[in-house]
């Protein structure tokens, strides 16, 4: 089969901007786009298929088609009730809220959804860019409620650079701050508990809802705080492994051959540069279709 391409779902948010449009050469009418859901079967933002044979069907439709599920997505997905990952670009023109996501157990019980562990790759950022990453060491379970009510003084602020990779396990208090563009891969969940939103208001003068009580339930004080830089890699590098998804970073100088697997599926995203994708399955069509990979033609399975 040939690769499957998707149309992203854009999110107009209070902290968004127009860099996704500029970086990827996309014609997006709105100027407050904070997220581009590149591959998603989540009902809050479905990816639609571009390929003619499946045009305008969604990734959700494809994954839930029993006749082709294991053929396309692999035998490991046979018993999964939903597509397991969601991948997006995030443009933080201003600070995102300080927030936390629940683990699977809490989300299943209280939200009828999966938990949310996520990872970020910093694609671009301003010179003095920072993230909120976890709570300070002096925050304990006993003083957590007071810390949450004075959150700005009780979180870690860390510097980040282009090429940094950050893992955000469920339960980690975090926030992407202004001037940063990331590629995020996460569990397919849209559950976020806001702890603090910088006292801002929307165009109607309203503040966004906070979820402090639920945040208190799910915050994990024992998460590690590791940041690794992979900007100058010269080969395929394993940068994340979990029981939900794996991430490799690949630098291609001339060409690279990949072999598909009957057990699982692969997604590819171009974060810098350009190239051509060829496959025996559609090599005869390459002359007229010319699948060119660049920053405006991102994901495939």
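The values are calculated or read from the model by the stated rules, or taken from the named source; none is laboratory data. Since we're looking at a predicted model, the values are computed, not measured. Positions of Cβ are generated from backbone atoms using ideal geometry, with glycine treated the same way; all protein chains shown enter the neighbour counts.
Residues that are closer than 16 Å to residue 218 by Cβ and either surrounded by 20 or more Cβ atoms within 10 Å (Cβ to Cβ) or in contact with a helix residue (DSSP H, G or I) (Cβ under 9 Å, 6 or more places away or on another chain) (or both) within region 112-139 comprise 113, 114, 115, 116, 117, 118, 134, 135, 139, listed in sequence order.
Residue check: is residue 40 under 18 Å from residue 69 (Cβ atoms) and either in contact (Cβ under 8 Å) with a residue 24 or more places away in the chain or touching a helix residue (DSSP H, G or I) at 6+ places or on another chain (Cβ under 9 Å) (or both)? So residue 40 fits the description; yes.
Residue 27 falls short of the stated requirement of being surrounded by fewer than 22 Cβ atoms within 10 Å (Cβ to Cβ), assigned to a loop (DSSP other than H, G, I, E, B), in contact with a strand residue (DSSP E or B) (Cβ under 9 Å, 6 or more places away or on another chain) and at pLDDT below 90.
Confirm whether residue 185 is in contact (Cβ under 8 Å) with a residue 12 or more places away in the chain and within 22 Å of residue 268 (Cα to Cα). In short, yes. Would you say residue 171 is on the phi > 0 side of the Ramachandran plot, surrounded by 20 or more Cβ atoms within 10 Å (Cβ to Cβ) and in contact with a strand residue (DSSP E or B) (Cβ under 7 Å, 6 or more places away or on another chain)? Here the answer is yes, as residue 171 does meet what is asked.
For residue 90, the stated conditions hold: it is crowded, with 18+ Cβ neighbours inside 10 Å and in contact with a strand residue (DSSP E or B) (Cβ under 7 Å, 6 or more places away or on another chain). Scan region 6-17 for residues that are in contact with a strand residue (DSSP E or B) (Cβ under 7 Å, 6 or more places away or on another chain) and either closer than 18 Å to residue 93 by Cα or surrounded by 18 or more Cβ atoms within 10 Å (Cβ to Cβ) (or both) and jot them down. 6, 8, 9, 10, 11, 12, 13, 15, 16, 17 - these are the residues of region 6-17 that are in contact with a strand residue (DSSP E or B) (Cβ under 7 Å, 6 or more places away or on another chain) and either closer than 18 Å to residue 93 by Cα or surrounded by 18 or more Cβ atoms within 10 Å (Cβ to Cβ) (or both). Annotation: residue 37 fulfils all but one of (1) more than 19 Å from residue 268 (Cα to Cα); (2) touching a strand residue (DSSP E or B) at 6+ places or on another chain (Cβ under 6 Å); (3) surrounded by 16 or more Cβ atoms within 10 Å (Cβ to Cβ); the unmet one is (1). Of all residues in region 66-84, those that are at pLDDT 90 or above and either surrounded by fewer than 14 Cβ atoms within 10 Å (Cβ to Cβ) or touching a strand residue (DSSP E or B) at 6+ places or on another chain (Cβ under 6 Å) (or both) total 5.
Per the listing 88, 116, 55, the residue uniquely closer than 16 Å to residue 8 by Cα and at pLDDT 95 or above is 88.
Residues in region 88-105 that are over 18 Å from residue 199 (Cα atoms) and out of contact with any helix residue (DSSP H, G or I) (no Cβ under 9 Å at 6 or more places or on another chain): 88, 104, 105.
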